[in-house]
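A short worksheet on the structure shown next.
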Amino acid sequence: MPHPPTNLVIGASGAIGSAVAAALAATSHPLITVSRQPTLAIQFDGPHRHLQCDYSSEAIARCAASLNQAALSRVVICNGRLHDNPIWPEKRLEELTSEAMQALFTSNAVVPLQWLQALLPAAKGKQPCVIAALSARIGSIGDNGLGGWYSYRMSKAALNMGLQTAAIEYGRRAKNARLLAFHPGTTDSALSAPFQASVPPEKLFSPDFVAQQLLRAMTETESQPPGAARFVDWQGKTIPW
């Protein structure tokens, strides 16, 4: 029997990740979630399997190998990092540290690309598959008019380049797969909490709203030609790389 279309959410314990997982669980397709935690705080209706992962290279490869030839349909990579003690967005060059830069590059660029590497065999099947990663408008080089936030900007720009480069290779080797870089806007989450005071209420989005906008963008991406990634915001509008 052919495997049913399967959805995969990586980083499913975060605000956006858990909302995306809940939205995908409502489709009744099998759902696989991945996080550092051994279990998730929420329960899902329908078939669901959870994988614990510390996001080391070995753990990512092991998780990918355990998908049991799943016919991947929707894959959302929610890993990301902006701040935690002592890391904080830099306003001036004097505030740069190699430790913070390396930490953000690992979370925001290296880990998502390792997942794209590990998932390539599973994405080669006949099932149309869209793989989305949470990017950010702040990673756009063409849209950068404010400066600052060096490490976060650079790591998201690196993610975008990785997605576009991988999309070219996926276009040759996994012709039914499409890649998407998605800017969710300012979402009510722990990541944005220290910066919400300056955000107008109508521009602060709930995780559930962001999840629905992301899934809409993924559906639109499925009909795109292979060989190039899309970079869009929560409205579906294209962002310059």
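Here are the numbers for this structure:
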{"item": "Unique match (being at pLDDT below 95 and exposed (fewer than 13 other Cβ atoms within 10 Å of the Cβ)) among Asn85, Asn79", "result": "Asn85"}
{"item": "Residues of the range 65-120 classified as assigned to a strand (DSSP E or B) and closer than 30 Å to Phe195 by Cα, total", "result": "5"}
{"item": "Some residue of the range 187-210 being on the phi > 0 side of the Ramachandran plot, surrounded by fewer than 23 Cβ atoms within 10 Å (Cβ to Cβ) and modelled with pLDDT under 95", "result": "no"}
{"item": "When residues of the range 206-234 are limited to those that are within 14 Å of Ala15 (Cα to Cα) and hydrophobic (A, V, I, L, M, F, W, C), the one farthest from the chain's Cα centre (by Cα)", "result": "Phe209"}
{"item": "The range 9-23, residues that are in contact with a helix residue (DSSP H, G or I) (Cβ under 8 Å, 6 or more places away or on another chain) and of a type in the set (A, V, I, L, M, F, W, C)", "result": "Val9, Ile10, Ala12, Ala15, Ile16, Ala19, Val20, Ala22, Ala23"}
{"item": "Only listed residue being surrounded by 18 or more Cβ atoms within 10 Å (Cβ to Cβ) and of a type outside the set (A, V, I, L, M, F, W, C), chosen from Gln37, Gln52, Gln114, Gln69", "result": "Gln114"}
{"item": "Residue in the range 11-25 that is of a type in the set (Val, Ile, Thr) and surrounded by fewer than 21 Cβ atoms within 10 Å (Cβ to Cβ) present", "result": "no"}
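Table: residues versus (1) assigned to a loop (DSSP other than H, G, I, E, B); (2) over 22 Å from Phe182 (Cα atoms); (3) of a type outside the set (A, V, I, L, M, F, W, C).
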| position | (1), (2), (3) |
| --- | --- |
| Val9 | no, no, no |
| Ser18 | no, no, yes |
| Thr33 | no, no, yes |
| Ile42 | yes, yes, no |
| Arg62 | no, yes, yes |
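The values are calculated or read from the model by the stated rules, or taken from the named source; none is laboratory data. Here the structure is a predicted model, which is why all the values come from computation and not from measurement. Ideal geometry is used to build each Cβ from the backbone, glycine not excepted, and the neighbour counts take in all protein chains shown.
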